[in-house]
Amino acid sequence: MMKVGDRVPLELGGEAEITQLLGQGGQGAVYRASYRGRDYALKMYFTKKLKNPAMFRENLQRLCEDGSSSPAFVMPLMMTADTSEGFGFLMELIPPEYAPFSDILNARVKFSGLYSIVNAAIKITSAFRELHNSGRSYQDLNDGGFFIRPTDGDVLICDCDNIAPYGENLGIAGKPGYMAPEIVRGEKAPDKLTDRYSLAVVLFRLLLRGDPLEGGRVLKSVCLTEDAERRHYGYEPMFVYDPSDDSNRPVRGVHNNIIKFWRIMPDYIRDAFTVSFTDGLFQPEKRLIEKQWLDILVRMRGDICACTCGAQGFISGSERDPDGKVVCPCGTHYQPPLALHLGKQRILLFDGAKLFNDDVECIGEVVRNKVNPGLFGLKNLSGEAWSFTLPNGQEKTAAPGSAVPVFNGTRLDIGGVPGEINGEI
Ligand SMILES: [Zn+2]
């Protein structure tokens with residue numbers, strides 16, 4: 001271990017001075033370090049713990065040169081020289097407003113609302129899509145590698161030192177519960193298909209706050225020994241909501257989150273998880289590809305609605321009364337709001353609803369009219385003017401900062417994509 005004040009020479013010249021220990025794991029330790037007047041995170045490896053240090057170093061070197069395929073990945077930036085302590089690299093520090101995924105999973109940190117949760121899922125999925133498009137896999141997807149900003153769902157992914165081209169195995173075992181069953185069984189090295197299994201686990205944990213394979217059957221193992229773990233995650237994995245076998249259902253009092261959230265999930269989300277954790281357990285090619293997840297997650301974001309009490313839900317997972325009104329858990333029955341159909345997207349225009357572009361930037365928000373609070377407008381938060389046509393045929397423009405009135409029949413154009421506001425949901 002190194003201590004505060006120690007200096008580590010960088011390959012490109014100069015020295016990084018250690019100012020604080022940030023964390024330590026099986027492979028090495030991460031420090032805060034100052035280099036040429038800026039603060040970075042410095043990861044130093046316990047070289048003896050690496051299976052093949054030379055190959056590991058070579059891969060890191062390549063990562064420093066190739067850089068990131070997505071801004072979400074916190075990639076190695078610069079290698080240290082070889083020292084008596086081993087070697088390591090500099091990367092950017094995680095800003096303090098980002099919380100470890102594990103803190104979100106154990107409810108120490110709470111999201112600001114459903115938009116932030118779904119946007120975090122979208123950001124994780126698109127980061128992996130870009131990584132896989134560049135011919136690489138992450139190899140060690142688990143809750144320790146993610147940091148999420150709970151106010152808007154922005155994601156940073158660390159532990160990028162294991163990213164490697166397909167077919168190369170850095171000897172990373174992965175974390176139980178996140179690894180694909182064929183890796184647990186020792187049959188395969190990590191690749192795109194095993195990453196896809198881990199991605200489904202991450203999304204399940206993010207949206208349902210539980211383990212997709214841990215139900216009643218797993219609880220019967222008095223303690224989860226390594227043998228039992230290999231059985232539950234490798235040889236006899238069973239989805240908690242397997243439609244053809246209910247022997248591993250979540251247990252009330254233990255898996256309350258899953259039971260609560262599964263009920264309110266839109267059916268297409270339940271279907272996606274069911275495929276991922278039934279057929280997808282043993283047939284890797286049946287696992288959803290990132291683009292499929294992105295399409296249904298964007299749809300899910302458009303299904304977000306809210307009651308005047310502030311409770312949010314997904315309209316397709318909500319209870320309706322015989323008149324078609326949404327029944328909120330608070331007891332209120334409310335008329336579903338008008339919807340904006342924009343290209344392939346459909347979003348519900350409730351008070352506070354948000355419109356996002358493909359880069360997950362918020363470009364519009366539903367606000368109350370200041371003069372007439374009974375009227376709503378879709379406020380233009382983008383940098384470009386929107387043209388729109390009112391139901392009476394009047395043509396107008398909403399400059400950035402102003403709003404398009406939310407009337408049934410308003411037609412509009414946002415960034416070249418035509419849309420319409422109407423009552424169809
Ligand atoms: Zn309510």
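A short reminder: the numbers here are calculations on the coordinates, not readings from a lab. The structure presented is a predicted model; accordingly, all values stated were derived computationally and were not measured. Note: ideal-geometry Cβ built from the backbone for every residue, glycine included; neighbour counts use all protein chains shown.
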Its Cα gyration tensor gives segment 1-137 an equivalent ellipsoid whose semi-axes in whole Å, largest first, are 28, 19, 14
At 10 °C and 1.306 mPa s, the Stokes-Einstein diffusion coefficient in µm²/s for segment 99-297, with hydrodynamic radius from the Kirkwood sum on alpha carbon pairs, is 94 µm²/s
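Given just the C-alpha atoms of segment 201-330, how large is their convex hull per residue in cubic angstrom?
On the way: hull volume 16.9 nm³, N = 130.
In segment 201-330, the Cα hull volume divided by residue count equals 130 Å³.
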In whole Å, largest first, the alpha carbons of segment 287-341 cover along the principal axes 39, 23, 22
Share (percent) of C-alpha pair distances in segment 262-412 greater than 19 Å works out to 61 percent
Rounded to two decimals, the Rg over Rh value of segment 383-425 from Cα coordinates and the Kirkwood Rh reads 0.95
Rounded to the nearest whole number, the Stokes-Einstein translational diffusion coefficient of segment 45-124 at 25 °C and 0.890 mPa s (Kirkwood radius, C-alpha pairs) in µm²/s is 160 µm²/s
Between residue 83 and residue 330, the FRET efficiency computed from the C-beta separation at R0 = 56 Å comes out, to the nearest 0.05, as 0.40
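222 nm [θ] for the chain, helices only, -39500 (n - 2.57) per DSSP H run of 4+, per residue, to 500? Working shown, then result.
Numbers: 11 runs with 106 residues, N = 425.
Only helices count here, giving -7000 deg cm²/dmol.
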Expressed in Å to one decimal, the Kirkwood Rh of segment 337-422 from all distinct alpha-carbon pairs is 12.6 Å
So the compactness index of segment 298-385, its C-alpha Rg divided by 2.2 N^0.38 Å, takes the value 1.13
The alpha-carbon pair-distance distribution computed for segment 104-215, with 10 angstrom bins and whole-percent values, is 14, 47, 31, 8, 0
The percentage of Cα-Cα pairs in the chain separated by more than 42 Å is 24 percent
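How large is the translational diffusion coefficient of segment 190-232 in µm² per second when you combine the Kirkwood radius over alpha carbon pairs with Stokes-Einstein at 25 °C and 0.890 mPa s? Numbers along the way, then the final one.
Numbers: Rh = 11.7 Å.
Rounded, D is 209 µm²/s.
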For residue 414, the residues 5 or more places away or on another chain with a placed amide H closer than 5 Å to its own amide H are 419
